[in-house]
Amino acid sequence: MRKHRKQMMSLLTVLGLSVLIRIPVGACTSYYVGSDLTADGSVMFGRTEDIGSSYDKVFQVIESKEIPEDGMWIDEKGYTDFTAPYYNTSITRTYSYTACRDAADYGDGLFGEVGINEMGVAVSATTTAENSEEAQAADPFTGSSGISEENYLDYILCQASTAKQGVEILAQAIDDYGVWYSADGVFISDNTEVWYFEILSGHQYCAIRMPDDKAALIPNCLVIGDVDLDDTENVIASEGIVTVAKEGGIYVAALENPDVNDINVKLTYGGEGYDSYDADRIRAAQYILTGEDNTDIYTEDYQDIFFVPSQKVTIEDLYQLAGSQYEEYTEAGIDFSDARSATASSEIRYIGTASSAECHIIQIRKDMPTELATIEWLSLSSAAYAPMVPFYGALLKDVADSYKEEAPEYTDTSAYWTYQKLGEYLRSDADDAMKEAVKEFYQGYMSKMVEDQASVDEQLLAVYEDAPASLSQTATELGISIAEQTVALAQNLYEEVISGAVLNSYDITYQPFF
């Protein structure tokens with residue numbers, strides 16, 4: 001997430017007031033589970049966006065538009081100096097796409113976090129990846145004319161027709177214009193494959209095709225290890241990734257199979273293993289999905305972020321992971337702090353932190369048509385105390401008013417603030433039993449939505465086959481309906497919680513419009 005400071009709004013729930021403050025922003029956590037490891041054979045990946053506990057996010061549909069005669073993309077909001085060609089020269093109009101972004105009134109960039117375009121290409125961006133000072137000296141960032149996390153999602157989704165083309169578009173922009181100020185990690189996918197793209201330095205990058213038989217937790221550091229640059233089916237890297245590193249004195253050879261692999265990307269550009277800030281989250285994610293407590297993650301020579309869960313993973317499992325405050329350790333009678341090294345930071349770094357302004361899971365079903373293949377599960381707040389709502393992002397023409405409302409200050413008509421006020425209250429005024437009850441409530445709600453998803457898929461497939469011209473409108477109305485009903489449920493839940501009770505049912509009444 002962002003390296004510079006941003007203007008934050010802090011909601012004082014009990015008093016009903018908002019105050020303007022400036023605080024350092026946090027960072028983000030990404031996760032991935034390959035299709036061989038999930039209960040339904042889908043691919044799942046996503047991220048928690050840790051920017052601040054009260055920072056309005058909006059979910060929008062960005063409409064298609066004519067590509068200008070000069071063929072140049074610009075930041076229409078005027079927040080950044082980056083401008084570059086539309087590299088996909090086969091289109092005369094941009095693709096429409098969804099985007100979860102900052103409210104415009106914050107005034108510091110688009111910062112698209114997650115979205116899907118009409119071609120089924122999805123982007124999750126970004127996880128700040130902290131390259132080393134030596135890497136920055138070897139290949140400095142270029143300044144405000146370079147591309148950056150403010151632009152990645154919008155620049156890719158407006159023109160990429162496949163995931164690989166999205167990777168190539170981002171790579172070409174870095175080749176031609178460089179990177180503004182930060183190393184980052186970005187997921188780019190379509191209904192056939194997922195790529196993880198790491199921005200390493202001013203002009204260097206490496207993207208890998210993610211495996212179907214592995215899971216991963218990606219914290220705030222570079223994670224790509226040994227790569228074979230000749231394996232162009234699975235690796236796309238900058239031309240100077242090795243030569244620049246050698247000239248700058250930072251090159252680290254591959255740790256395994258050096259006759260085949262060309263470089264260890266993480267150690268070359270990141271310069272180190274995992275500190276406790278990063279290791280805490282990898283350790284916890286592996287424990288949640290495997291039941292094994294991998295404390296080796298704190299050792300200096302630990303490298304591999306990939307692992308294999310002990311059971312098939314569901315959406316509910318990944319939702320639990322995104323909102324985890326390591327209750328799983330407490331329930332098992334394990335003191336999480338015991339295994340942390342003497343050099344660990346003083347505070348445990350949770351995945352489900354209060355500073356998560358939005359969280360999401362992209363779920364790709366490879367056996368579905370492109371239009372229906374990808375579900376965008378989105379939470380406008382921390383997944384610790386807010387649900388994720390499913391959207392058929394490639395088909396959406398509009399979203400619920402409460403999800404797209406620009407509201408940098410608290411309002412009871414905004415989806416973000418509706419979810420946020422419950423989390424704020426629970427963290428500041430509720431006991432552990434109430435927190436646990438709300439978590440269980442939303443986990444049950446998520447399970448009900450997942451259960452109903454199979455029926456919804458069937459009915460949308462029928463529309464796809466029998467009345468394809470109405471498919472987009474049907475998916476849009478469905479998305480608005482479930483979003484509105486979830487916001488209403490969250491409002492009711494808040495009233496129940498502050499009154500000292502908790503709802504004991506989670507009936508979902510939404511119906512597809514057939």
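Quick notes on this one:
- Those residues of segment 62-85 which are crowded, with 18+ Cβ neighbours inside 10 Å and either in contact with a His (Cβ under 8 Å, 6 or more places away or on another chain) or modelled with pLDDT of 95 or more (or both), in sequence order: Ile62, Ile67, Trp73, Phe82, Ala84
- On the stretch given as segment 282-301, residues that are over 30 Å from Ser238 (Cβ atoms), among the β-branched types (Val, Ile, Thr) and open to solvent by less than 30 Å² (accessible area, probe 1.4 Å) total 1.
- Complete set of residues in segment 438-448 that are open to solvent by 20 Å² or more (accessible area, probe 1.4 Å) and in contact (Cβ under 8 Å) with a residue 24 or more places away in the chain: Lys439, Gln443, Ser447, Lys448
- Verdict on Thr418 being in contact (Cβ under 8 Å) with a residue 60 or more places away in the chain, β-branched (Val, Ile, Thr) and in a loop (DSSP other than H, G, I, E, B): no
- The set of residues in segment 242-291 being in contact with a Cys (Cβ under 9 Å, 6 or more places away or on another chain) and among the aliphatic types (A, V, I, L, M) consists of Ile263, Val265.
- Flag for Ser481 being open to solvent by 60 Å² or more (accessible area, probe 1.4 Å) and out of contact with any helix residue (DSSP H, G or I) (no Cβ under 8 Å at 6 or more places or on another chain): no
- All positions within segment 421-436 that are surrounded by fewer than 19 Cβ atoms within 10 Å (Cβ to Cβ) and in a helix (DSSP H, G or I): Arg427, Ser428, Asp429, Asp432, Ala433, Met434, Lys435, Glu436
- Asp105 meets all of the listed conditions (1) surrounded by 19 or more Cβ atoms within 10 Å (Cβ to Cβ); (2) over 25 Å from Val242 (Cα atoms); (3) of a type in the set (D, E, K, R); (4) modelled with pLDDT under 95 but one, namely (1).
- Test: Glu451 is surrounded by 15 or more Cβ atoms within 10 Å (Cβ to Cβ), of a type in the set (D, E, K, R) and either out of contact with any Phe, Trp or Tyr (no Cβ under 7 Å at 6 or more places or on another chain) or closer than 24 Å to Ala501 by Cβ (or both): no
- When residues of segment 341-365 are limited to those that are outside any loop (DSSP other than H, G, I, E, B) and either open to solvent by 20 Å² or more (accessible area, probe 1.4 Å) or hydrophobic (A, V, I, L, M, F, W, C) (or both), the one nearest to Thr38 (Cα to Cα): Ile364
- Answer residue from segment 366-414, given it is in a loop (DSSP other than H, G, I, E, B) and of a type in the set (Asp, Glu) and is most open to solvent (accessible area, probe 1.4 Å) among those: Asp367
- Test result for Glu118, touching a residue at least 12 places away in the same chain (Cβ under 8 Å), more than 20 Å from the chain's Cα centre (by Cα) and open to solvent by 50 Å² or more (accessible area, probe 1.4 Å): no
- Comparison of Asp338, Asp304 shows that the only residue that is assigned to a helix (DSSP H, G or I), open to solvent by 30 Å² or more (accessible area, probe 1.4 Å) and out of contact with any Pro (no Cβ under 7 Å at 6 or more places or on another chain) is Asp338.
- Contacts under 8 angstrom Cβ, first residue in segment 63-85 being more than 19 Å from Ala173 (Cα to Cα), partner of a type in the set (Lys, Arg), 6 or more apart: Ser64/Arg93; Lys65/Arg93; Glu66/Arg93
- Checking Ser356, Ser382 one by one, the residue that is in contact (Cβ under 8 Å) with a residue 60 or more places away in the chain and closer than 30 Å to Ser455 by Cβ is Ser382 and no other.
Table: residues versus (1) farther than 26 Å from Ala103 by Cβ; (2) modelled with pLDDT of 95 or more; (3) in contact with a strand residue (DSSP E or B) (Cβ under 8 Å, 6 or more places away or on another chain); (4) of a type in the set (S, T, N, Q).
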residue: Ala400; (1), (2), (3), (4): no, yes, no, no
residue: Glu436; (1), (2), (3), (4): yes, no, no, no
residue: Leu460; (1), (2), (3), (4): yes, yes, no, no
residue: Leu471; (1), (2), (3), (4): yes, yes, no, no
residue: Thr476; (1), (2), (3), (4): no, yes, no, yes
residue: Val502; (1), (2), (3), (4): yes, no, no, no
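- When segment 148-187 is limited to residues that are crowded, with 24+ Cβ neighbours inside 10 Å and within 21 Å of Ser132 (Cα to Cα), the one that is farthest from the chain's Cα centre (by Cα) turns out to be Val179.
- Scan of segment 284-301 for residues that are outside any loop (DSSP other than H, G, I, E, B) and in contact (Cβ under 8 Å) with a residue 24 or more places away in the chain, ordered by number: Ala284, Ala285, Gln286, Tyr287, Ile288, Leu289, Thr295, Tyr298
- The single condition among (1) over 26 Å from Lys312 (Cα atoms); (2) open to solvent by 40 Å² or more (accessible area, probe 1.4 Å); (3) part of a loop (DSSP other than H, G, I, E, B) that Asp40 does not satisfy is (1).
- Checking Lys312 against (1) touching a Pro at 6+ places or on another chain (Cβ under 9 Å); (2) under 26 Å from Gly444 (Cβ atoms); (3) open to solvent by 50 Å² or more (accessible area, probe 1.4 Å), the condition it does not meet: (1)
The values are calculated or read from the model by the stated rules, or taken from the named source; none is laboratory data. What you see is a predicted model, and the numbers here were worked out from it, not measured in a lab. Reconstructed Cβ throughout: ideal geometry from the backbone, glycine too, with neighbour counts over all protein chains shown. Only protein heavy atoms, including side chains, enter the accessible area calculation; ligands, DNA and RNA are left aside. Shrake-Rupley method; radii C 1.70, N 1.55, O 1.52, S 1.80 Å.
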